[in-house]
Each structure stands twice: as structure tokens, then as C-alpha cells.
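Everything below concerns the one structure shown next.
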Amino acid sequence: MDNQTQENRIRLLLLAGQALFRASLSRLLAAEHSLEVVGVCGNTAEALDILKASAIDVVLVDWDDSTEARDGFLSASRSQGYQGRFLIITGAAEAGNPTAAIKLGASGIFLKSEAPDRLIQAITLVANGAVWLEQKTLRLLADQSVARLAPNGSPRSGNLLTDREQRVLLGILGGLTNKKIGENLGLSEGSVKTAVQQLFQRAGVRRRSQLVRAALEGSLGSTHGRARAPEDLQFFRAAPAKRLTV
């Protein structure tokens, strides 16, 4: 393998408390030529030390581990200057409150039930600035976000989303293209683009990935009237994408 290929490897740090899972996953990752496993840790203190001493592109965090790893590691990493990506690995979409992981700066949530080759794909996409969310996680996060937008029919702020903006936002959360969102809503692609730009302005962002994060964190604003009923999310639930890469 030439030096250029080695330089282009994605440098990984694995944080997982269970020794068997940690050893198995590290062997899987080490066998992939595009990846370099820089460190394998069983506790957050060791992981933070490695982040200080080594250049890491993506940190894999076992979110089913202790509350210390879930609640403290991501924020502590940012506090000490880490600028790379986090990919959460969990056994269930509902485990450990995935919304909290997104708020703490995670770029993706990967389910342990998925195939190993999809993990390699997720790591690669996250390392290149994408957001990876499996469909089960997307549905959970979307339901939480919509419920948070207008709880009990009472908007929480004056930054109200229009009906069209909310529907377009749900399509973006579902990983749909502007064209597909337009087809589902009976809108022209130009109208969808206009709504997307309005959402960008509301959130103060320039990219879809930043808009997704703002929506999932609940910082985008609220909607007119009540939160949407399940039938209003039908086109979102039918989204074919298994992940969101924006």
C-alpha cells in the first residue's frame, strides 16, 4: 500500500466498555484498508488522553455503555478541543435517548443490528461530513421533534413554521431530495427549494446537515397549531432511504 493511501485512511478511536464487543469491533475495523484504528479504549479517561495526543477523524462510542460515556464524553471531548466526528453505536434506536447524542454533537447513530459493511459505509460518510441516521432512528427523532415543535397546541416561541415549511422539514428529516418532497406534497421543485431556503434563514444555517441538527435539537422554532397527527407523517415514514446523508 503506498504512502498516499495510508495518508488518506480514516483515523478511528473506539470507546466501548464491554471487552468482547471492543475486541471484535476493533478487529473488524483494522481489517479495512481505508481505516486506521488509532486507539481502543474501555473508559473515557483513556479516550480523552488519546484525543489529546493523536489526530482522530471519527470516534466510535458504544452508547449502550455506562452513563459516564453517554453523558460526559462527547462534551468533554469538545471542551478539550476535539473537532472531529462522533458516530454513536447502539443496540436500539430508543436506547440512551438518541436526541441527546445529536445535541452533544454526534454526526450519526448506527444500530448494532445492521451489517458490518454498513458500519464501514457509515464511518466513511460521517468522516466526510454526512449525517448517518437509520430509518428507525429517523422516525423516532422526527416524532420527538414534531411533538416538541408545538406541544399541546401551544407554540413555544414566536418563530412559527408555516404548514409548508413543516412538511418540507419532515421530508428533509426523512432524507428525501427536493424533487421527491415536491412529488409527495404536490409542489413544484422550485417551491420546495424556496421553502428550504426559508428554513435555512430561520435556523441561520447554510447546509441541510446544519438544518437537520437545528431541527433535532429543537432550536428551529415551532409550528402553527397542533403537532402533526401520525397520518400527516405518512410520506415521511414511506421514505426509502435507510440513512440520511446531507
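The values are calculated or read from the model by the stated rules, or taken from the named source; none is laboratory data. In this text the structure is predicted, and so the values were computed from the model without any measurement. Counting neighbours? That spans all protein chains shown, and the Cβs are built from the backbone with ideal geometry, glycine included.
Being part of a loop (DSSP other than H, G, I, E, B) and either in contact (Cβ under 8 Å) with a residue 40 or more places away in the chain or basic (K, R) (or both) is the filter here; which residues of the range 187-210 pass it? R206, R207 - these are the residues of the range 187-210 that are part of a loop (DSSP other than H, G, I, E, B) and either in contact (Cβ under 8 Å) with a residue 40 or more places away in the chain or basic (K, R) (or both).
Annotation note: Cβ proximity below 8 Å between a residue of the range 13-26 that is farther than 12 Å from I89 by Cβ and a residue that is exposed (fewer than 13 other Cβ atoms within 10 Å of the Cβ) and among the small types (G, A, S) (sequence gap 6+ or interchain) occurs for L13/S54.
Each row is one residue, and each column tells you yes or no for (1) modelled with pLDDT under 90; (2) more than 22 Å from the chain's Cα centre (by Cα).
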site: D2; (1), (2): yes, yes
site: N8; (1), (2): yes, yes
site: R11; (1), (2): no, no
site: L15; (1), (2): no, no
site: A19; (1), (2): no, yes
site: L25; (1), (2): no, no
site: L35; (1), (2): no, no
site: V61; (1), (2): no, no
site: D65; (1), (2): yes, no
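For G72, the conditions (1) in a helix (DSSP H, G or I); (2) modelled with pLDDT of 95 or more are fulfilled apart from (2). Would you pick out the residues in the range 168-179 that are free of Cβ contacts under 8 Å to residues at least 24 places away in the same chain and part of a helix (DSSP H, G or I)? Selection gives N178, K179. A count restricted to the range 105-132 and to residues that are polar (S, T, N, Q) and farther than 21 Å from L176 by Cβ stands at 2.
Looking at G153, G158, G108, G81, just one residue is over 16 Å from L60 (Cα atoms) and modelled with pLDDT of 80 or more, and that residue is G81.
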